[in-house]
Each structure stands twice: as C-alpha cells, then as structure tokens.
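*Asks:* Mind having a look at this structure? Questions to follow.
The values are calculated or read from the model by the stated rules, or taken from the named source; none is laboratory data. Since this is a predicted model, take the numbers as computed values, not measurements. Reconstructed Cβ throughout: ideal geometry from the backbone, glycine too, with neighbour counts over all protein chains shown. In case anyone asks, the SASA skips ligands and DNA or RNA and just uses the protein heavy atoms, side chains included. Shrake-Rupley method; radii C 1.70, N 1.55, O 1.52, S 1.80 Å.
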Amino acid sequence: MIPIEYETQRLGLRFFLVMLVLFFFQTVFGLMLATQHVDPTLLAGILNFNVIRSQHTNLAVLWVLSGFIGTILFVGPLLSKRELAAPWLIKFLFYALIAVVIWNVITQVLAQQGIAGWWMGQPLLQEGLEYLEAGRIADVVILIGFGILCYVVLRTFPPRSQWNEIHWGLGLGVVALTAVWIFGMFFVERLDLSEYFRWYVVHYWVEGVWEVIHISLVGFLLVLMFKADVKSVGYAVFWGVSLVWLSGLLGNAHHYFWIGTPEFWQFWGALFSALEPVPLIFCFWHIYLDAHQDGKPLENTPAFSFLLGSVVLEQVGAGILGFTMTFALTNVWSHGTWVTVSHAHLALFGTFGMLGIAAAYYAIPLMRGVSNFDQRLGKLAFWLVFTGMLGLGFAFAIGGTVQVFVYRTLGLDWFGGDVAPAMHFAKVMVPVFGIVFAIGVLLLVYDLLTLGWRVPAEHDSAEIPAPSGWGRRLSSWETGLWLLAMWFFGGLITLGLLSFNLASVQQGNPTLPYVLGGIGYPGLLLTTLLFVWRFLRSLDARRYVRAEPLAAASSLAGAA
Amino acid sequence: MSCAPGQPCAEGMKRRRAMAVLGVMAILFVALSVASFIDSRGQVVPSDVKYANFDAVEGKRVFQSYNCMGCHTIVGNGGYFGPDLTKLYGKVGPAWLEAFLPSAGSWPTKGAVKLQLQNEAVAADAGVADIEAYLEKYPAANERIARRGGHATAMPNLPLTRSEVGRLIAFLKYTSEMNTEGWPPTPKVDGLTSPYAKPVPGAAQAAVSVTKEAVVASAKPVSAVAQGKMLAEENGCTACHATDRERLVGPGWGGIYGAEVQLADGSTVKRDDAYLTQSILDPDARVVAGFEPGVMPSFAEMLDVDQVAAIVAYIRSLEGK
C-alpha cells in the first residue's frame, strides 16, 4: 500500500462520503419506483412517480459526479507531483454541492403542483426534462462548480508540455464536462430542437465526457494497483479516448431517429454508434492485460472487483446492449420501452457508479491509514450489488420485450389494464433484485463509512482457491472466448429485436422475439456473472502461489 | 503515448490526424443538424399551432412544469410508467382530453366527453359536434370510453387550471402533428382481440345498458335518488366528486348538503337545493373558497330540470363518512 503523499489528496475523502450517502438515497428512491410499478396507487398524490423518478435520476448524476470529483482530487496531486491548487475552492465546492443537492431534492417536489418558477421565460426551480430536471438556479450553481473543478485541475497539473495521455484525458474531460452542460440551460420552444439539445448534455456527457474521464481514471487506478507501466496505460488511454470521440460524436445521432428530425440520422446514427463498442472492447482488453502483466496477488480485492465490474458492465451494458438497439430497425421497437431501461441501468451504474465505488475502496483505506482492512464485507457487497444489478437488467429486458409486443405490435395502450398486467412477472422481479442490490449498497456504505473505525480481522479466513480449475491463470485466449460468448448472446438479442419486423410477429405471434430474448438476455447476463467470477477467482488464487510456491509451481506446470 | 513502448513513434502526427478526422466529423454533424431544422423541411413548429385560444409554446411550459415526462414518454423519451403522449391528440381528440385532464384520476365517461363537445371551440377543433360522430372519428376515444369509462386510472389528479388544460391540449396537438419518421410503428393487427387485452364490457355490457335504457324508457318509477346516482355516474360527475368527504378535483359530496360554506368573495352560503342547482347549471356563479373557477363545466345543455333535481336529491341523500 502506498502512503498518502500529498495532504490535499485527503480532500477527496469528503466527496467519497457524500457519494455514498447520495448513492444510498438514490437506491431507496429506486426501490420506491419499483414498488410503484407493482402498485401504482402507492403514494399516488402524495409523492408521485415522476417526482421520485427525477430524484432517482438526478441523484444518480450527482453521486457519479461526486465520485469523479473525489477520484480526480485523489489522483490529481499524484499526477502533478504537487499539492492541489486552491484547496479553499475545493472546500467551497463541497458545500456548494451539498447545497445544490438539498435545493434540487426540494424543488423537484414542486412538479406535483405544476410550479416551475418561470421568470424571463426560464424555469428557475425545476424544468421537467428527463435527466435535466434541475431548474435554472441549480443549473447555474452546478456550472460554477464545474468551473471550479476545471480551474483546480488545470492549475494543479504541470505545464502542458509535460502532460501525458492521462493528463490530456482528464484535462479535456473536465473542460468538456463544463462546456456541454451549457446546452441544457435554455428553454427551447420546439420539441424536436429541445430534445436535440437535451441529448447534447445527456449523450455527450455519458459517451463523450464521462467515458473519457472513466478511461483516464481506470488507466491511472490500474497504474496504482498493479504498478502497470504508465506509458503502456497511456497508449491505451490515447486510443480509447480517440475511438470514443470518433465514434461518439456522430453516434449521438442514434438519439435523433424519432424525435422529429429527418430520416438521414438513422443512417449516420446506426453507422457510428455501431462503432461505439470498439473503444469499450479496447478498454476491456486492457484491464485484462494490465491485471495480468505481473502475477502479484491483489492487495485490495474490493477495489479491483468494482473496477473490473465497471469495465465489464461497460462492455455488456453500454457496448453490447447499446449495440442491440442502435439500428433503426431494432430501435424503432425498443425505443420508449423497458428494453432501454435495462441498457441504461447496466451502463450507467455499471460503468460510472462502479468506478466511483472502486476509487472509494482504493482511496478511503489509504486516507484513513488502514493498512490491513477486513475485505470480506466489501467482497460480499460487490457480489450482491453486481448480481442485483444484473438481475435488474434481466427483469427490465424481459419486461421490455413483453412491452414491445403488447404495446407496439398489438397497439394496446392501456397501461393499467393491458400492458402492466402482461409485464407483471418482470415488474415483480424488479423489486426482488432491487432488494438484493439494496442490501449490497447498505453493506458497502456501512463498510466504507466505518472503515478504519472497526477492529480489523485477525486474518482473512476465506479459503484461498487453488490455482487450478476456476482458479487457474486466465489466458488471453480464454478471455477472448468469454468476450465472444457475450457478443454471441448480444447477437441473439439483436436478432430478437429485429424479428419484431417479421410479418408473422406483426400478425400477433410473439414466439420468435420471446425465444431469442429469453435465451439472449439471461445468456448474456449469466456469462457476464461467470466471467467476473472466473476472473476474480484466478486473481485470488495468486495468493496461493505466494503461500505455497512449490505446490503452485507444479500445478502451473500441469495447467500449461 | 500513441504507440506501444519501445516502438518508433510519430506522436504529433498521429494526434494531428486524429484531430483532423474529428474535425471533419464535427463539420458533418453540424451540417446534418442545420439541415434538420431549416424551414423548408416542413416540420411543424409549436408557434404555428393553436388550440381554441391556447398556444402550443405555452403548452410546452405546462408540460415541463408538471414534469409529465417523468411518467410518460414524449417522442419515446421520458418515464415508462404511462403511455407515450406524442400521437395521443390525434387518436382521442380534444373533447376526450378536455374531459380527462381536469380529473385524471378517473377515465372519462361518454357523458363527460359529450359535455365537452357542447363547447363550440372544442367541437370546432374536433371537426364534429355530435358525440356519435366524434366517437366514429376518434375510435381510440370510443375504445377508452367503452373499456375504461368511469374506472379509476393509475394517474393522480393534478391541480391543472382551466387554461393549463387548454395549453396542454395545444401542445399535444402540436406533437401529434409532428413528423416523427414513422414512429411509433402502426400495429398490423387488432390488439383488442388478443388474449393480452383485458376483456371488459364488450358486447355483454352493451346489452345490459340497452336494457337499462329500456327500463328507464318504460317509465317504471325509479326513485329520484337512484336516478340521480345513475346520472351522476353517466355524466362523469363522480370523476371529480367523491361520494364521501374526500376532495378529488371538486369537493366531496358526502355531508355537504345543508352545510354553511365560505365563498371565494368571503361571504357564506348554505348549500341548499337552490345553491346546488345553480352550481350544476352555472358553476362559476358562486365558487367555494379554495377552488378554481372555470374547472367545472356547465351542465345546462346536458341535463333537464328533472335530471338536475334528481342529482341534487342524490347529493342530499349522501352522508359524510
């Protein structure tokens, strides 16, 4: 474990703690939404679905950003080899963040009374646009906050001539984060134009800016965890960032298929967003390479588990599930249904949420000076959160497939009478997996908040798996096969969505899309689960190598 | 580092090349965007759409103020809790929306939609003034009345004012006229015949209502209270008025008969036969404090003297629970 080198790195801690608190409340709101989906009358008129949903999505954005800020503050001094510039601004940023969170939670409730606080044509209090529900006052405070972050990061970094690719990635990331936000700060009269600009913020944040910050931070965390070579990580970061922007810039077009913009977007959107998984495959491959470049055992399993989860769910949720619905002929069916919800949960929480948690698991023990913490709770929390989220993705996808058939193919639009009853099984699965997820969240929030305050365990009593069978070394060949299996199931899902175009399905026979979705989704998610299990077990087994080198050497020889 | 360690590197050139490709793509993106919003494309814009006297731009503000998108989707984006609203206006027409929006907690009945058609502006926008012609022109409104009319919805009542309702309908008229490139896809099969469709009323119920009308027509003596109850349900009164004390959109009817109540102008009035009759025929004349004028429509053209008396008798019979 490396000690904290710079005092201002510790400023990241408070942002990690805020992240955990917001994550907890976001999960609670998510559970409430799931319950209302099962019984729509619950809390109706007291706390309406749309208000809870805006809390759920806004807190998601805010805690992911808190995690980013915490991580950037933690790695900033290490990247710059000096203390952060203007620490008092960071402290101000922290209080501004808390103020804006509380303000926004309160103002969202006003939607129930239809109060938006219109002034000079702008909604000051809340504006009822998906993901950008915050009103103009909060928008301005957030913009100032981003400005502060940019200032601190750029002032802390060394002169530009000394920047490596990680500096470039983070520097461009925080500037673009601020620039793109501005497009969401105007009331637009036309619905097509207002949706057009809304996706500037949502898409370019997620697939432009956040992705770039994600790649850079994953790269640097790998450098820290595995002492990977900065140059080879920089190489991956360069190509990752380039590919993200080259595919993502025009890839935004996949949001412009049906919002009232012309048909030609269907061509450009399908072409470029089909390329969007390429940088994600690249990132996926690099976490494999970097984790295997030396055979040293893992020091901090929870941190690496969440980092691996982040990259794998990015591949599965953003890459594969995103790919399945990126073509006009599949998107025309999936658009506006639960099929997209499955993609959104796996991609957003998976990629960005898990990165924040991974960074917190890495940084908090260092900042609290805990050299040997009990990792069992963190590991358990990881598996609960990971399986819970895969289960949620499964429930949403199955519900979505039924919804496409009932709502789009049959044209039944009575949600309470026809559509919701058809989706009932899936709707019940959501809170079931939601509870699994929520227990994981409770554990990890408790674990991270109290880490260092509890007496560490005498020794890790978990048995160390033998480096054979599921614990044997993960070869690049095998990793490729796992990835291929995931894409095979992704292909089935794509075919399932395509099959809604067939005349037989349109005449009312759902067998083909149900069978393809029924194999594709569970196949993909189970493969993902097993792959992560296999990956982590092989890393766990490295400690066995250290404990019993002779036995390990002979078994390795056997495996070879 | 744009090259693997140890290999010959042309760092600057690679970076410049990547930037050049990105620049070309940005130019392409901007060009496509400009082409998307030029006037000659013929896409409808909200400032050109009016419904009655209401403006679709103002309607978009109402749509955002209530965060409608948090439960519904519009052009497919938003919550997935309720149905997509993009093409709703074209399917159900203005009268159904006028009947639905002020009391969204309950599905409009045929009488409630018919009442809205009495309004000339609504009828003019719908293009038909007669309820039967309306239901023929808007089959989705007919389907909703037949299968859901009078039942509770999964949507809460919202405190929409009269003008907010009009603006929202103007906005939905605008979105309905938008060219969305064929989305959502048109179903090729009648979903109502599928096992997924909830088999409510249908033919069997229609027969019942015929016999019910026949009973009324045969002039069998029915108590005024029973007739008033039936009329209140048929005309959609109970979508806004609970039969106990609960406030839905308007005041609950339970126990209000004979009670003193304060009006918006500060004076008090006793809710007697005369007051209730006036409130049904001319609702804005004496509005109770705390309620918006203009929300309740006048039933003067819908109900005759005897029918109003029957409803008043029914209200009189209700005790507050």
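*Asks:* Just give me the residues in the stretch B:145-194 being in contact with a strand residue (DSSP E or B) (Cβ under 7 Å, 6 or more places away or on another chain), aliphatic (A, V, I, L, M) and open to solvent by 20 Å² or more (accessible area, probe 1.4 Å), in sequence order.
*Replies:* The answer is B:ALA152, and nothing else.
*Asks:* Filter the stretch A:375-409 down to the residues that are among the aromatic types (Phe, Trp, Tyr) and open to solvent by less than 10 Å² (accessible area, probe 1.4 Å) and list them by number.
*Replies:* Across the stretch A:375-409, the qualifying residues are A:PHE382, A:PHE386, A:PHE405.
*Asks:* Let me ask something else about it. Mind listing whichever residues of the stretch A:94-109 are farther than 26 Å from B:GLY76 by Cβ and either in contact (Cβ under 8 Å) with a residue 40 or more places away in the chain or within 14 Å of chain B (Cβ to nearest Cβ) (or both)?
*Replies:* A:PHE94, A:ALA96, A:LEU97, A:ILE98, A:ALA99, A:VAL100, A:VAL101, A:VAL105, A:THR107, A:VAL109
*Asks:* Filter the stretch A:192-215 down to the residues that are over 15 Å from the mean Cα position of the chain (by Cα) and under 30 Å from A:LEU298 (Cβ atoms) and list them by number.
*Replies:* Hits for the stretch A:192-215: nothing passes.
*Asks:* Let me ask something additional. In the stretch B:255-284, which residue that is among the aliphatic types (A, V, I, L, M) and surrounded by 12 or more Cβ atoms within 10 Å (Cβ to Cβ) is nearest to B:CYS240 (Cα to Cα)?
*Replies:* B:ILE280
One line per residue, one yes/no per condition, for (1) open to solvent by 10 Å² or more (accessible area, probe 1.4 Å); (2) in a loop (DSSP other than H, G, I, E, B); (3) touching a Cys at 6+ places or on another chain (Cβ under 9 Å); (4) within 7 Å of chain A (Cβ to nearest Cβ):
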residue	(1), (2), (3), (4)
B:VAL44	yes, yes, no, no
B:SER47	yes, no, no, yes
B:GLU58	yes, no, no, no
B:ARG61	yes, no, no, yes
B:GLN64	no, no, no, yes
B:TYR80	yes, yes, yes, yes
B:PRO83	yes, yes, no, yes
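*Asks:* For the stretch B:145-189, give me each residue that is more than 8 Å from every other protein chain (Cβ to nearest Cβ) and of a type in the set (D, E, K, R).
*Replies:* B:ARG162, B:ARG167, B:LYS173, B:GLU177
*Asks:* Is there a residue being among the hydrophobic types (A, V, I, L, M, F, W, C), away from every other protein chain (no Cβ under 14 Å) and open to solvent by 50 Å² or more (accessible area, probe 1.4 Å) anywhere in the stretch A:62-75?
*Replies:* No: the stretch A:62-75 contains no residue that is among the hydrophobic types (A, V, I, L, M, F, W, C), away from every other protein chain (no Cβ under 14 Å) and open to solvent by 50 Å² or more (accessible area, probe 1.4 Å).
*Asks:* A follow-up question, please. Identify, by number, the condition in (1) under 30 Å from A:ASP294 (Cα atoms); (2) open to solvent by less than 40 Å² (accessible area, probe 1.4 Å) that A:TRP239 doesn't meet.
*Replies:* (2)
*Asks:* Let me ask something else about it. I'd like the full set of residues that are within 9 Å of another protein chain (Cβ to nearest Cβ) and free of Cβ contacts under 8 Å to residues at least 40 places away in the same chain, limited to the stretch A:233-274.
*Replies:* Correct list: A:SER242, A:TRP245, A:LEU246, A:LEU250, A:ALA253, A:PRO262, A:GLU263, A:PHE264, A:TRP265, A:TRP268, A:PHE272.
*Asks:* I want to confirm something. Restricting to the stretch B:134-144 and keeping residues that are away from chain A (no Cβ under 14 Å) and farther than 17 Å from B:MET302 by Cβ, which single residue is most open to solvent (accessible area, probe 1.4 Å)?
*Replies:* B:GLU136
*Asks:* Can you tell me which residues in the stretch A:275-301 are without any contact (Cβ under 8 Å) to a residue 40 or more places away in the chain and part of a loop (DSSP other than H, G, I, E, B)?
*Replies:* Matches in the stretch A:275-301: A:LEU275 only.
*Asks:* Output the residue which, of all residues in the stretch A:416-425 that are within 7 Å of chain B (Cβ to nearest Cβ) and open to solvent by less than 20 Å² (accessible area, probe 1.4 Å), is modelled with the lowest pLDDT.
*Replies:* Checked the stretch A:416-425; the qualifying residue modelled with the lowest pLDDT is A:GLY417.
*Asks:* Right, another one. Restricting to the stretch A:162-182, name every residue that is open to solvent by 40 Å² or more (accessible area, probe 1.4 Å) and either away from chain B (no Cβ under 12 Å) or modelled with pLDDT of 95 or more (or both).
*Replies:* A:GLN162, A:VAL175, A:ALA179, A:ILE182
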